[in-house]
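Since the structure comes first, as C-alpha cells, the remarks are kept for the end.
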Amino acid sequence: IYHGIKQKDEMGEIIIRGYEKDETLCFEVFDTGIGMTDEKKMEILEKLSHNDDTSGRDSFGLYNVAQRLQLFYGEDSSLLIESCYQEYTQVTIKIPKKE
C-alpha cells in the first residue's frame, strides 16, 4: 500500500472504519504516518476543489476518490482531511445513505 506510512522510519498503524450517522455513510482512513503541514493540506484541498489532477503522486489517490465522489454523489458527498505533521492523517468520506 502506498500510503503516508511508507515514508515513516518506524512502524505505523492504518485504521479503516465505516459507520452510519443519521442519513449518512461515513468512511474513515486514519494513519500514524508522517502527516502533512497545514499548507500542504490546503494545497491538496484547493486542487481537489478545482478538479486539478496536477497534484502529483502524493495525492493521486485522493484526487481519484474525489472525482468518483463527485460523479456518483455530487454536492451530497464530502471528503475531509485532518492532519498533524509528523503525527497522523485522517481522511473522512461522507456520502448520503440511499436505498
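Worth a mention:
- Relative to the longest principal axis of the Cα atoms of the chain, the long axis of helix 60-73 lies at roughly 10 degrees.
- Distance violations [Cα-Cα > 27 Å] among 6/40; 8/98; 8/40; 8/41: 8/98
- Proximal aspartates and glutamates relative to residue 47, as straight alpha-carbon distance under 20 Å, when same-chain residues fewer than 8 apart are discounted: 38, 39, 58, 75, 76, 82
- Gaussian network model of the chain, Cα within-10 Å springs - most flexible of 89, 24, 32: 24
- Taking 27, 60, 72 in turn, the Gaussian network model of the chain (Cα-Cα springs below 10 Å) assigns the largest fluctuation to 72.
- Restricting the calculation to Cα atoms, every distinct pair contributes to the Kirkwood radius of the chain, found to be 14.2 Å.
- Using alpha-carbon coordinates, inclination of helix 38-49 to the longest axis of the chain, degrees: 30
- For the chain, the carbon plus sulfur part of the accessible surface works out to 52%, probe radius 1.4 Å.
- Distance between the modelled labels on residue 40 and residue 84, one decimal in nanometres: 1.6 nm (7 Å Cα→Cβ projection).
The values are calculated or read from the model by the stated rules, or taken from the named source; none is laboratory data. Note that the structure is predicted; figures quoted are calculated from it, not measured. Positions of Cβ are backbone-derived with ideal geometry, glycine not excepted, and every protein chain shown enters the neighbour counts. These area figures cover heavy atoms from the full protein model, side chains too; ligands, DNA and RNA do not enter into them. Shrake-Rupley method; radii C 1.70, N 1.55, O 1.52, S 1.80 Å.
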